[in-house]
Amino acid sequence: MRSILLLSFSILLTYSSSIFAQQYDPLHPPNSYQSSQNPNYWKNKMPFPGYWQQDVHYTIDAIIDEQTDIVTAKENLVYSNNSPDTLKFVYFHLYQNAFQPESYSDDLQKTNGYPARYGRYESQKLGTVIDKINVDGQEVKIQLDNTILKVWLPKPLLPNENIVFDINFKTYFDMGGNVRRRMKVFPAYGFKHFDGVHWYPRICVYDRKFGWETDQHLGKEFYGDYGTYDVSLNFSDNYVVEATGFLQNKDEVLPKELREKLDIKNFANKPWEEKPSVITPYDPKKRKTWKYHAENVHDFAWTADPTYRIGETYWNGIQMVSLVQEPHASRWQNAADYTAKVIETYSKDFGMYVYNKMVVADARDGMEYPMLTLDGGGDPSYRGLLAHEVGHNWFFGMVGNNETYRAALDEGFTQFLTAWSQEKIDGLYPVRGLVKQNYS
Ligand SMILES: [Zn+2]
């Protein structure tokens, strides 16, 4: 009786776990990107027979040291070769190596007559440093050419096979003079603000048109394989964090009581640029790990600042989050609501936004990442910027063409979207006051 019971129980378990494995759930692990139920997976919507693209599943555990400005991380990448070709080597982007003496970017700057000044880590050629790399558990031969790392595989990777990379790396935050860089640290009212972008070794795209894309990050454009990211980010306890993907441990890192204290509405009347209050006192020994899961994306970025305050609203089940430095909170009160209007406009007029979240952040920038945009300014002047960076999530984010080959496709389409949403939301003539006439 017992053995029969056990047997039927184990059959039930096997049966239900196989169903579970096929269940598409982009909000939680396990990775279901390749599920036959995923409406966004390329195999489920082939544009023509024989089409292919490569798949990725990154798992990254990172510690961000707010005293040294160094990210120390372990990265596990499962790479699926869906191409008809056998691969003997692959390439990775180490984007942060562009910002150092004798890099290709440095040569370009000098040639253009704008020699760069480098920060403390940059001048020591510390961008992203690989401490260890294994492929399927074996040590491998590598060759570094500035921002491009070539990795020879221990055995050829056949079509329809997977391979696993294990990489230990460090990435150095820095802020050299006159070099435009997106990954940055800057002072934030006695604390440090971090924008963690292009921060991890990212496998180059192998595609049908060109084979390997090995751009040296001169045009500052991007191209990436789609898949899944499981990323944990360990910070000092006082940081408020947002990132690509769905937060897995909200109750732990952002409990209700803390979330209420951080709400943007509490700071609606805060004078512009007045020193922020301290909500979680800084204690270098107290740490917190933020865990995110994202599917159908080709990149993962994050932003972190102890002075961030949070606005939140929903449209059609999509969470809109605004993050603003407390001294700017008075002019960001409508940021989440405005973002909802922008998402609604693009979704209705051009195609539904496929992700569960969009973040707009006060981060001294104007740049797009999947589900996350880094912005700046305040209402009403930031409306065009928010509409633009959010708009990138349609072409850059969901279409994901090779920007290093055709940058204007993404930028042009996004400018069109920006003008479209501005007109729809704020009307044809949002400019108030007299415009100086320069031409008659
Ligand atoms: Zn743009």
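The values are calculated or read from the model by the stated rules, or taken from the named source; none is laboratory data. Please read all numbers here as calculations on a predicted model, not as lab measurements. Glycine gets a Cβ as well: all are built from the backbone with ideal geometry, and neighbour counts include every protein chain shown.
Things to note:
- Residues of segment 163-189 that turn out to be outside any strand (DSSP E or B) and not hydroxyl-bearing (S, T, Y), as a count: 11
- Checklist (1) closer than 29 Å to Y24 by Cβ; (2) within 16 Å of the ligand (Cβ to nearest atom) applied to N316, failing item: (2)
- The single residue among L372, L385 that is more than 21 Å from L409 (Cβ to Cβ) and within 16 Å of the ligand (Cβ to nearest atom) turns out to be L372.
- The residues on offer are M398, M358, M367, and the sole one that is within 14 Å of the ligand (Cβ to nearest atom) and at pLDDT 95 or above is M367.
- Condition met for Q319 (surrounded by fewer than 19 Cβ atoms within 10 Å (Cβ to Cβ), polar (S, T, N, Q) and touching a strand residue (DSSP E or B) at 6+ places or on another chain (Cβ under 9 Å)): yes
- Test: residue in segment 158-165 that is within 21 Å of E221 (Cβ to Cβ), modelled with pLDDT of 95 or more and not assigned by TED's automatic domain parsing to the domain that holds G366: no
- Residue within segment 203-214 that is of a type in the set (A, V, I, L, M) and at pLDDT below 95 present: no
- Checking each residue of segment 226-240 against the condition of being in contact (Cβ under 8 Å) with a residue 24 or more places away in the chain, under 19 Å from T59 (Cβ atoms), part of a strand (DSSP E or B) and of a type in the set (D, E, K, R) gives at least one match.
- Of all the numbered requirements in (1) charged (D, E, K, R); (2) farther than 25 Å from D365 by Cβ; (3) over 22 Å from the mean Cα position of the chain (by Cα), D166 misses one, and that requirement is (3).
- Residue that is farthest from V179 (Cα to Cα) [pool: residues in segment 190-219 that are of a type in the set (G, A, S) and not in a loop (DSSP other than H, G, I, E, B)]: G211
- Test for E257: is it farther than 18 Å from H193 by Cα and surrounded by fewer than 17 Cβ atoms within 10 Å (Cβ to Cβ): yes
- Boolean, R208 is in contact (Cβ under 8 Å) with a residue 40 or more places away in the chain and in contact with a helix residue (DSSP H, G or I) (Cβ under 9 Å, 6 or more places away or on another chain): no
- Subset tally (residues that are within 21 Å of F169 (Cβ to Cβ) and either of a type in the set (D, E) or at pLDDT below 95 (or both)) for segment 104-117: 1
- Residues considered: Y91, Y58, Y79. Of these, the only one that is within 30 Å of K286 (Cβ to Cβ) and part of a strand (DSSP E or B) is Y58.
- Unmet requirement for N269, which otherwise passes all of (1) closer than 23 Å to A301 by Cα; (2) of a type outside the set (K, R); (3) touching a helix residue (DSSP H, G or I) at 6+ places or on another chain (Cβ under 9 Å): (1)
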